[in-house]
Amino acid sequence: MSSFHAHPTADHAESGQRYFDDIYAQQDDPYGLRTRWYERRKRDVLLAALPRPRFRRAYEPGCGAAELSAALATRCDALLCSDFHPRAVATAAKRLSGQAHVRVEQRTLPQDWPTAERFDLIVLSEVSYFLPRIDVARVAHCCTATLAPDGVLVACDWRPDFEGRRTATAEVHRVLEGLGLYRVVRHEEDDFLLHVWQRERRSVAQQEGVR
C-alpha cells in the first residue's frame, strides 16, 4: 500500500495525518515494498497487465517508497510521482534520483491533481481506498479529464480491511468502472484487485492486427 490523503473533513484529515505519521515514524518503507515477495509479485502482475510496452507521460499518485515508480520509470518517457507525506516524498526522491525524466512532488489529492497535464498512463496503486467515496469520485473525474485520447488507467488495491481505509476496494473499482472506459484486464485474488482500462476500444491483439 502507498500513502494518499484527502481533506473531506477536519476529522478525516487529522486521523489520516496521524495514521501516516505513525507508520512513517517507524521506517521509510512501512509496507515492505522492497522486501516482501507479495509486493514484488503484485508489481510484476501489474506491469505485465499494461497493454503497451511504453508510454509517453505517466502519473502515479500516492507513490510511497517508489518501488513501483522505479519500475514504471523504465517504461515511460516522462513520469510524475506524488505523495502527500513529506517522508514518502523524500524517500521517493532518493529512490528515483538521477533520472531526469522523473519528477517527484508533494501533492494532496484530489485537490492537487495536476489538471493542466495530460497522461497516457495513470496508475492508482493502493491509494484510492484512503479516500471517502466522494473524493474517490473526484479522483475518477480527474482521471478522465487528464487521460490522453490513447490513455490507459490502472487501479490496483488491497482487498482486506485495515486501519486507515475509508472506502471498500470493490466500491473504488465500481466508481472507476463507471467512467465507461474499455476494460482490458480484470485480475482478482484474495489479497488484491487489479483493473486496467483504456480509451481505445480494441484489445491488445486487435491493436497489433492479430485476429
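The values are calculated or read from the model by the stated rules, or taken from the named source; none is laboratory data. Because the structure is a prediction, the values reported are computed rather than measured. Cβ: placed from backbone, ideal geometry, glycine included. Neighbour counts: every protein chain shown. Please note that ligands, DNA and RNA were not included when accessible areas were found on the heavy atoms of the full protein model with its side chains. Shrake-Rupley method; radii C 1.70, N 1.55, O 1.52, S 1.80 Å.
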Binned at 10 Å from 0, what are the whole-percent values of the Cα-Cα distance distribution for region 61-154, short to long?
17, 51, 30, 2
Taking the Cα centre of region 108-211 as origin, work out the dipole magnitude from +1 charges on Lys and Arg Cβ and -1 charges on Asp and Glu Cβ, in debye rounded to 20.
500 debye
Give the peptides 70-81, 116-127 in descending order of average Cβ contacts within 10 Å, highest first.
116-127, 70-81
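Multiply the residue separation of Thr144 and Tyr182 by 0.36 nm, subtract the distance between their alpha-carbon atoms, and state the gained length in nm to one decimal. Could you put the intermediate results ahead of the total?
Values: separation 38, 0.36 × 38 = 13.68 nm, distance 1.26 nm.
Computed gain between Thr144 and Tyr182 is 12.4 nm.
Work the Kirkwood hydrodynamic radius out for region 118-174: mean of 1/r over every pair of different alpha-carbon atoms, inverted, in Å. Don't skip to the end; give the middle numbers.
Numbers: mean 1/r = 0.0853 Å⁻¹.
Over region 118-174, the inverse of the mean reciprocal pair distance is 11.7 Å.
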Mind listing the long-range amide H neighbours of Ser82? Cut-off is under 5 Å, sequence gap 5 or more, other chains count too, H placed in the peptide plane at 1.01 Å from N.
Glu60, Gly62, Cys63, Glu105
If we count every other residue with Cβ under 14 angstrom of Leu47's Cβ, Lys/Arg +1 and Asp/Glu -1, where does the sum land?
+3
Local electrostatic count at Trp158 - Lys and Arg +1, Asp and Glu -1, tallied over other residues with Cβ under 11 Å
-4
Amide H to amide H under 5 Å from Arg56: which residues, 5+ apart in sequence or cross-chain, H placed 1.01 Å off N in plane?
Asp77, Asp120
Taking every Cα atom in the chain, find the radius of gyration and the maximum pairwise distance Dmax, and write them in Å.
16.1, 54
Using the Kirkwood radius built from alpha carbon pairs, what does the Stokes-Einstein equation give as D for region 92-201 at 20 °C and 1.002 mPa s, in µm² per second?
145 µm²/s
Tell me which cysteines of the chain come out unpaired when the rule is another cysteine's Cβ under 4.7 Å.
Cys76, Cys142, Cys143, Cys156
What list of ³J(HN,Hα) couplings, whole Hz, do you get for region 117-122 from phi and the Karplus terms 6.51, -1.76, 1.60, once you set θ to phi - 60° and write x for glycine and proline?
9, 10, 10, 9, 8, 10
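Can you show me the helix-derived [θ] at 222 nm for the chain, built from DSSP H runs with n ≥ 4 at -39,500 (n - 2.57) apiece and divided by the number of residues, rounded to the nearest 500.
On the way: 7 runs with 74 residues, N = 211.
Rounded to the nearest 500, the figure is -10500 deg cm²/dmol.
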Would you tally the net charge around Leu79, using a Cβ to Cβ cut-off of less than 11 Å, leaving Leu79 out, and scoring K and R as +1, D and E as -1?
+2
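Leaving out ligands and nucleic acids, and using a 1.4 Å probe, what accessible area per residue does the chain come to in Å²?
Working: 9590 Å² over 211 residues.
Normalised by residue count, the accessible surface of the chain is 45 Å².
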5 Å is the cut-off here: which amide hydrogens, built 1.01 Å from N in the peptide plane, fall below it relative to Val152, excluding neighbours closer than 5 in sequence?
Leu121, Ile122
Separation of region 103-138 and region 155-211 by C-alpha centroid, Å?
16 Å
The convex hull of the Cα atoms of region 71-118, divided by residue count, gives a volume in Å³ per residue of 78 Å³
